[in-house]
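Below is one structure; the comments refer to it alone.
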Amino acid sequence: MNPSILFGSVCLLAVMTTWGCGGGTSSGTVRPDGGGAGGDGAGGGDGGGGFADGDVEEGSGTPPRFSFLSARVVGRRGLDLRLQIEAEDDEMDISSVSLRAYGPGGSSVLLRDSDLDGELDAPDRAYPFPAVFDGNVVNDVLTIPSFLAKAPNTISVDIVLLDRAGNPSEMRRAEVVPQPVRNLAEACDPTWQIDRCKTGLACRGEPAACVEGVPPVISRVSYLRDPEGPKVLVIGTDIDQDVNALNIGFLDKSGQPKFMQLASDFELPAPPLVSGFRVEEPDSSTGNNFFLQLQAGVGFEEDVVQVSVRAEDEGGRLSDPKVAAISSTPMRGAGAGCDPRGFDRCTAGLVCSPGIPGISNTCQYAGRLRTMACNAAPTLDPMNGAREVIGETGTSSLWDAPAGCGPRDPIDRVESAVMLHLATGVSKIVLSTEHPETNFDTMVYVIPGCATTPTPALGCADDLENTVSSRLELTNLAAGDYLVVVDAWGVTGGSFRLSATVEP
Ligand SMILES: [Ca+2]
Ligand SMILES: [Ca+2]
Ligand SMILES: [Ca+2]
Ligand SMILES: [Ca+2]
């Protein structure tokens with residue numbers, strides 16, 4: 001768990017993403033570090049990492065072989081790192097990229113906050129690389145969103161490719177090519193790959209040139225009661241793709257500013273009373289649409305009965321304010337349209353599917369969706385060599401972690417389903433997400449069969465000491481098929497590596 005902003009001793013979780021990279025519920029190939037709520041992905045241990053010293057357990061097959069590597073800065077804000085990778089692998093099983101970064105003078109740049117205490121502490125970080133092979137050759141691009149937000153001094157990177165068996169390639173170094181910045185009226189690349197416009201300018205037109213930007217527009221705000229504390233949901237657009245902050249105002253029932261104390265736990269001296277706050281998200285980098293979800297502490301809505309929201313872009317341009325009064329979440333029945341971001345909810349036994357914002361979603365029977373998810377799930381078969389799965393959380397929640405597994409028993413968090421096949425019984429099995437590919441706060445639990453109806457879990461694990469990754473040990477497990485759920489504790493999911501180690 002990693003609460004971000006604290007609100008009177010209770011938690012306010014903030015997540016803002018663009019739809020293009022997941023809408024806070026799903027993820028692209030590599031998801032950005034979500035702002036706020038458990039934002040910086042943690043990856044626990046170093047087992048299997050390309051730079052780990054000595055304890056890499058090399059598996060079968062042959063290692064990937066580099067033929068070309070380049071690195072450059074791309075993106076709307078010049079914060080994304082684009083790696084062009086050409087390599088070969090005889091088994092065509094390249095699965096991740098392990099990376100180290102260096103600043104001026106060869107100084108090592110810290111990339112990872114392994115214990116999520118807010119301080120970066122580890123120099124290596126691994127990213128899933130779902131490479132597409134042509135024969136045994138890969139020529140692919142891996143873009144890491146917001147890489148330079150955390151590591152702004154990076155001028156070169158060392159890369160090691162890892163395959164599914166854990167074989168590391170030789171290390172390759174690439175100098176990071178900077179992204180040129182264009183001024184008003186200069187030609188520009190609207191995809192931000194070749195260059196970008198100066199802060200506050202947009203790239204538009206035929207041929208594309210840097211022009212003055214326009215303010216964002218907020219299309220919808222809801223302020224909804226919730227057992228975990230009221231939620232503020234905001235969606236809007238900015239055709240310049242440069243929203244970087246949301247200003248949230250607290251109002252009483254007559255629409256006047258309401259002053260509250262925004263406090264960290266036990267903070268002294270007590271912070272001043274404020275009638276609102278600002279959520280900054282300099283990391284969001286793509287897409288015209290933005291989405292913000294905030295959650296305040298239980299009871300907050302008794303004092304603040306309305307909120308007003310204004311979006312602000314990089315040029316300081318403000319949207320018109322939009323006000324929402326506290327209300328109950330609208331409920332939808334089977335087959336009805338729904339919004340997967342939480343503007344409404346499906347009634348009991350139904351799930352808003354497919355859970356992808358911006359397209360048509362409807363309330364569907366959860367049992368049917370669970371069967372489909374089990375059928376589509378990758379399989380761990382540790383007796384037959386399938387000892388790990390690298391995956392990403394999906395777009396909806398079909399299972400919840402059992403009560404007591406993690407703090408505050410979050411529900412409706414996005415997850416990934418993995419089937420575990422045991423040909424024979426085992427005296428012990430260890431399921432772990434403690435790997436560098438894991439970049440969100442995981443909870444891991446095991447349920448017999450596919451669990452299409454509520455079924456007690458055989459065990460659940462949340463955080464290991466000093467990391468938010470999970471390690472679940474089960475003993476005396478009979479032969480059969482089990483469902484392993486890699487669920488998110490926080491409101492954002494991400495990518496993970498799940499390993500299974502068995503003792504017969
Ligand atoms: Ca290989
Ligand atoms: Ca704008
Ligand atoms: Ca879930
Ligand atoms: Ca956890």
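The values are calculated or read from the model by the stated rules, or taken from the named source; none is laboratory data. Everything quoted here is computed from the prediction, not taken from an experiment. Every residue, glycine among them, receives a Cβ derived from its backbone with ideal geometry; neighbour counts consider all protein chains shown. For accessibility, only protein heavy atoms count, side chains too; no ligands or nucleic acids. Shrake-Rupley method; radii C 1.70, N 1.55, O 1.52, S 1.80 Å.
Descriptive notes on the structure:
- For the stretch 204-261, the candidate set comprises residues that are part of a strand (DSSP E or B), polar (S, T, N, Q) and within 28 Å of R413 (Cα to Cα); within that set, the residue that is farthest from ligand 2 (Cβ to nearest atom) is S222.
- In the set G200, G166, only one residue is touching a residue at least 24 places away in the same chain (Cβ under 8 Å), within 16 Å of ligand 2 (Cβ to nearest atom), on the phi > 0 side of the Ramachandran plot and among the small types (G, A, S); that residue is G200.
- Residue pairs meeting the criteria (Cβ under 6 Å; at least 6 apart or on separate chains; first closer than 14 Å to A401 by Cβ and within 16 Å of ligand 3 (Cβ to nearest atom), in the stretch 457-480; second open to solvent by 40 Å² or more (accessible area, probe 1.4 Å) and assigned to a strand (DSSP E or B)): A461/R471
- The stretch 467-484, subset surrounded by fewer than 21 Cβ atoms within 10 Å (Cβ to Cβ) and among the small types (G, A, S), residue farthest from ligand 1 (Cβ to nearest atom): A478
- The strands (runs of 3 or more DSSP E) falling completely within the stretch 60-130 that include 1 or more residues that are within 16 Å of ligand 1 (Cβ to nearest atom) and open to solvent by 20 Å² or more (accessible area, probe 1.4 Å) map to 65-74, 80-88.
Every residue, every condition in (1) in a strand (DSSP E or B); (2) out of contact with any Ser or Thr (no Cβ under 6 Å at 6 or more places or on another chain); (3) open to solvent by 30 Å² or more (accessible area, probe 1.4 Å), yes or no:
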| residue | (1), (2), (3) |
| --- | --- |
| P357 | no, yes, no |
| C363 | yes, yes, no |
| R368 | no, yes, yes |
| C374 | no, yes, no |
| L380 | yes, yes, no |
| S397 | no, yes, no |
| G404 | no, yes, yes |
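- Contacts under 6 angstrom Cβ, first residue in the stretch 367-382 being free of Cβ contacts under 8 Å to residues at least 40 places away in the same chain, partner open to solvent by 20 Å² or more (accessible area, probe 1.4 Å) and among the hydroxyl-bearing types (S, T, Y), 6 or more apart: L369/S353
- When residues of the stretch 436-459 are limited to those that are at pLDDT 90 or above and open to solvent by 40 Å² or more (accessible area, probe 1.4 Å), the one farthest from ligand 1 (Cβ to nearest atom): P456
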